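Reviewing the structure listed below.
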Amino acid sequence: MILNINFLHKFLLIGLILTVSYVAYTLTLPGDYSPTLTASQAAGRPVNMNKTDIKTTKDYGSFINDIQTREVFAAGFQEQTAVQTKEADKTLSSLKRNLKLVGVIKDTPKTAVIEHTGLQRSFYLKQGQSFLEGIVVEKIAEDFVVLKFQGEHIEFYL
């Protein structure tokens, strides 16, 4: 019985050494060694390469003009505004139905948390800010907020 256990330990030790050696060998190899041949290479024919096939590297100076003139955040902001205008309600009654005062953050200055149930979106607004194209926050109190839309005042309570 003791002889069988020693044999098992030796067998497991050899397996462990082989596994660790294989992992160490594959981790030290540089690059990817998976074979990738095109159909013409596999057939043994020479491959014709165009100038467009050869990748060239550029220095930082070639990109600096593009980086300085590109507006990185403009596209996402425009898409968001377009969604708001497309789905935003335009009548006073629909605003009363879809807007809901969720909370008031009592920092200085106070912040009203207003949810638009139709858009399924929350807005964090301070006094004087406007949202949804034309709604302005007139007043924020501890338990209510006053909004102005098309010259009319709307009050929302917690």
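FYI, it's all coordinate maths here, none of it is from the lab. Quick caveat, the model's predicted, so the values are computed rather than measured. Cβ atoms come from the backbone with ideal geometry, glycine included; neighbour counts cover every protein chain shown.
Ranked highest first by average number of other Cβ atoms within 10 Å, how do 19-28, 131-140, 104-113 line up? List each step's numbers first, then the result.
On the way: 19-28: 9.1, 131-140: 16.9, 104-113: 13.7.
Ranking the peptides 19-28, 131-140, 104-113 by packing returns 131-140, 104-113, 19-28.
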**OP:** Starting from the amide H of F123, placed 1.01 Å from N in the peptide plane, find each other amide H under 5 Å away whose residue is 5 or more places distant or on another chain.
**Re:** I114, E115, H116
Subject >> Karplus-derived HN-Hα couplings along the stretch 102-109 (A = 6.51, B = -1.76, C = 1.60, θ = phi - 60°), whole Hz, x at Gly and Pro >> reply: 8, x, 10, 8, 8, 6, 10, x
**OP:** Would you grab the residues whose amide H sits under 5 Å from the one on K139? Only those 5+ places off in sequence or on another chain, please, with H modelled 1.01 Å from N.
**Re:** V146
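Give the calculated FRET efficiency between E138 and T117 to the nearest 0.05, with a Förster radius of 25 Å applied to their Cβ-Cβ distance.
On the way: r = 21 Å, r/R0 = 0.86.
Computed FRET efficiency for E138 and T117 comes out at 0.70.
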Original post:
For L158 and Y22 in one chain, what is 0.36 nm times their gap in residues minus the Cα-Cα distance, to one decimal in nm?
Top reply: 42.4 nm
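Mind sorting R121, R97 by how few other Cβ atoms lie within 10 Å of their own Cβ, fewest first? The partial results should precede the final answer.
Working: R121 15, R97 12.
The fewest-first ordering by Cβ neighbours comes to R97, R121.
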